[in-house]
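Shown next, in structure tokens, is the structure this report addresses.
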């Protein structure tokens, strides 16, 4: 694996973590949303991703193998679980019994997700900087 491949892998990780932070912030912003354009309350969103594989030939025997090339987003899904209802007969979105279906976003869970995402982002930045320093050292060695 070349140093450039490691940089591409880290870059894909940074992009993923940035998207996850955007989704967490959207979830938090819609914590109390009971009516969306689609109808019904806001549903918590989550990023689905997988390892991005690249088929590469081995130089020794010429056979091909799958190599990791970072991560890629496969979708953003809505969480349909943990539906919550509150009793508020005066709310404009209340049903005939006076219950309002609210967003299924839990602030504590979102903050934990945000912290985990920040840590993963920092780890990718550290790895990217290490690759950059290795490349920089290699260039310094080749000068002399």
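Each value in this text was obtained by applying a stated rule to the coordinates, not by laboratory testing. Keep in mind that this is a model prediction, so the values were computed, not measured. Ideal geometry is used to build each Cβ from the backbone, glycine not excepted, and the neighbour counts take in all protein chains shown.
Per residue, the average separation of C-alpha pairs within less than 8 Å and at least 6 apart gives the chain a relative contact order of 31 percent. According to the calculation over all Cα-Cα pairs in the chain, the P(r) per 10 Å bin from zero is 10, 27, 23, 17, 12, 7, 3, 1, 0 %. Once both labels are positioned 7 Å from their Cα atoms along Cα-to-Cβ, the gap between residue 81 and residue 135 label points is 4.1 nm. To the nearest 10 degrees, how steep is helix 107-143 against the longest Cα principal axis of the chain, on a 0 to 90 scale? For helix 107-143, the angle is close to 10 degrees.
Between residue 126 and residue 33, the modelled label-to-label distance comes to 3.5 nm, taking each label 7 Å out from Cα in the direction of the beta carbon. Under the simplified labelling scheme, the residue 74-residue 52 pair shows an inter-label distance of 1.5 nm, with each label point 7 Å from Cα along Cα→Cβ.
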